[in-house]
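The values are calculated or read from the model by the stated rules, or taken from the named source; none is laboratory data. The model shown is predicted, which means the values in this text are computed figures rather than measured ones. Methodologically, a virtual Cβ is constructed for each residue, glycine included, from the backbone with ideal geometry; neighbour enumeration extends over all protein chains shown.
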Amino acid sequence: MIIESARILWAWNTVQNAAREGARYAITGQEQVPTCAVDFGLPKFVTGDRDVCNDLRTASVIDKTHSHLAGLPLDEESTTFEDDEYYNIEVWGVDQNGQLQYDNAGLPNTPVIVRVTYRVPIITPFFTPILPSIPVVGQETLYNEAFGQLGGNSEGAALPPNLPPVPTPGVTPSPTPSPTPSDTPTPGPTSTPTYTPTPLRCDLEFEGSAVAGNNYVFVTGDVGITVEVYNLSDNSAFLGSFVLNGPLDGHACEGFGAVTLDPALTGANVGDVLLAVQSDAADNNDTTIVVGVPPTPTPSPTLTPVPTSTPTNTPLPTPTNTPSGPYIYVSPSCGPGPNVLFNVHGFNWPTNQSVTLQWNGANQNVLQPNQHIGSFTYTWTFDGLTAGTYTVRAVSGGGAVSTDTFSIPCEGQPTSTPVPTSTLSPADLVAISPPTLISTPPIIAYQPVEFSVVITNTGDLDVENQFFVDIFLDPTTILTNSIPINESDGYSAVSGLPGGASQTIIVRSNSGFTNNPTNHQIYGMVDSVFQTDELSELNNVTDPLSVNYVTPAATPTPTPDLVGADEISGVVRVLIGTFLRQYRATVFLFDESTSQIIAAEVTDENGFYLFSNVSAGMYTVQSCVVIDNTEYFGLRTGRTPPDPSADIFALQGVCP
């Protein structure tokens, strides 16, 4: 066992180093394969559907990465992942359209990802029949240098660019006669200037997603800076600017504001890359990707649901005299009716308390403490409304209250006449039957165990947003419509479900059962964090499955708390057509000096994670999430705290 562990660790370190060296070479923009088909010498990359010789720079990156796999026994022919000694080298870069492409080393000043996969053959006869090989993965994400002006094989080689000649000044002024020298005064005491330290800059970033249908985005940075927003996927088109207000609590930086976009984002912009940049500091910038309209909450039972229409974009009002306590506001604050769409924004809410959102006195959303970070944004739609003023209200578990209103119609605007439409049955996610245990006995306590849960959408309308299916092993609290999410023992994401469709979801519990050998009760739940607009929330929890044959085992030693003083944080993005921020991705903190996982966190609804109390050292952060029964894995190596930018780009791949 010790020998096998050492071999696996050696292979893992080798692929990590190869990915890192390949990425470091990629960012220079160099090419070193003059005749790819002859000199490249790696047949699996230049045959069949994959011929990396179509791009000599990509081929050079693969060749450089391959050279650092020396020492590993490699199967140079196999393209089957399950084969012993199989390996693959992937290069992902951003193309001219701002999209991430496979076998592309990317443009200057854009991210490039190099990923190496290798299957370590098991040589111990006792283990070989059980597990003939184990996959290890190395991945590195870096930013390409600004190598475009150099060209050829000298790109990135630290050579100066060809600069234009210095212009010759016009008329040369006549020399001025030297003044007559005068008596030199006796110098007085020399004063020492006082050194004023330059204040630390808070890096600019988007706060929340850019959503198709909105004419604004939220940004945070230093108070008073001017932020400009561009669409990099549309020839860097200028969209708008704003001077950040503040100081404000509850944001990554003290400054905060909403940049009004002109033109507004539409469905055609989904997948576009937006850039926010400080107008007088080009190196202070952030990017985000435009996503589709998020899920909407369940309408009040007194309202008749009809298909939602898109309202006229209204400029987002900037709140004045921002409260220091909990507050909400809606944007836009009015509409023509009878069908409306608007956003509810909340700030400064206690992170240890639930927040209940109400529409005209009826509960619409209940945010548990682990479902918000003090701020939140929800998109609401209501149909069939008459003219009048409606109240939006938020109440915290501690009694804090804030209200705002939505008016129909806007001042000076007539009410539109409703158009008769056919009524469709709203979406309704249902967990049909108890979970099914699919792990092969014997079932051992504290070992991973898998279940399947069958879900269906009994409504006519499609569920087009991501939601989660959770399992709960022996929960202590079982409500009529939910089980507290802090009792979840495992979950899997589902990208959506058409009306009338069913799907079987596989959910894995990594911690497994406790030592009680009998009477285990397992429940499943669909839409466990209430992300979907449903007809009913009373059919999301399954009946229990009973398991009475768990073999006891030694209780695992708890992971000790971190005791350092620094932080490592970032955002997890998953490649689903384009890179999107991922909610509830599990992130592990791996100590490279001890080769041990020392902490784990779960991303919030914005894909953000944070490890606090981290000691000095070298760390790897790696993420895993399961979407539609497919695993997505990503990692960043060589992170040293404090590190606020350890973003992880996850691709399809087996989680360790």
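In region 245-274, the qualifying residues are those that are surrounded by fewer than 18 Cβ atoms within 10 Å (Cβ to Cβ) and touching a Leu at 6+ places or on another chain (Cβ under 7 Å), and the one that is nearest to S375 (Cα to Cα) is E254. Between V563, V547, V587, V571, the distinction of being farther than 29 Å from N13 by Cβ, among the aliphatic types (A, V, I, L, M) and in contact (Cβ under 8 Å) with a residue 40 or more places away in the chain belongs to V547 only. Only one of the numbered conditions (1) modelled with pLDDT under 50; (2) touching a Phe, Trp or Tyr at 6+ places or on another chain (Cβ under 9 Å); (3) among the polar types (S, T, N, Q) is violated by T288, and that is (1). Among strands (runs of 3 or more DSSP E) entirely within region 615-656, having at least 1 residues that are at pLDDT 95 or above, buried (at least 21 other Cβ atoms within 10 Å of the Cβ) and not hydroxyl-bearing (S, T, Y) singles out 619-627.
So that you can scan it fast, the table gives a plain yes or no per residue for (1) modelled with pLDDT of 90 or more; (2) surrounded by 14 or more Cβ atoms within 10 Å (Cβ to Cβ); (3) basic (K, R):
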| position | (1), (2), (3) |
| --- | --- |
| T421 | no, no, no |
| P434 | yes, yes, no |
| P448 | yes, no, no |
| D462 | yes, yes, no |
| V469 | yes, yes, no |
| I485 | yes, yes, no |
| G499 | yes, yes, no |
| S511 | yes, yes, no |
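The set of residues from region 598-614 being crowded, with 22+ Cβ neighbours inside 10 Å and either part of a strand (DSSP E or B) or over 14 Å from the mean Cα position of the chain (by Cα) (or both) comprises Y609, F611, V614. Residues of region 109-160 that are of a type in the set (S, T, Y) and either modelled with pLDDT under 80 or outside any strand (DSSP E or B) (or both): T110, T124, T128, S154. Residues in region 566-607 that are in contact with a Gly (Cβ under 6 Å, 6 or more places away or on another chain) and modelled with pLDDT under 90: T578 alone. Among the conditions (1) more than 15 Å from A646 (Cα to Cα); (2) in a strand (DSSP E or B), the only one that R573 does not satisfy is (1).
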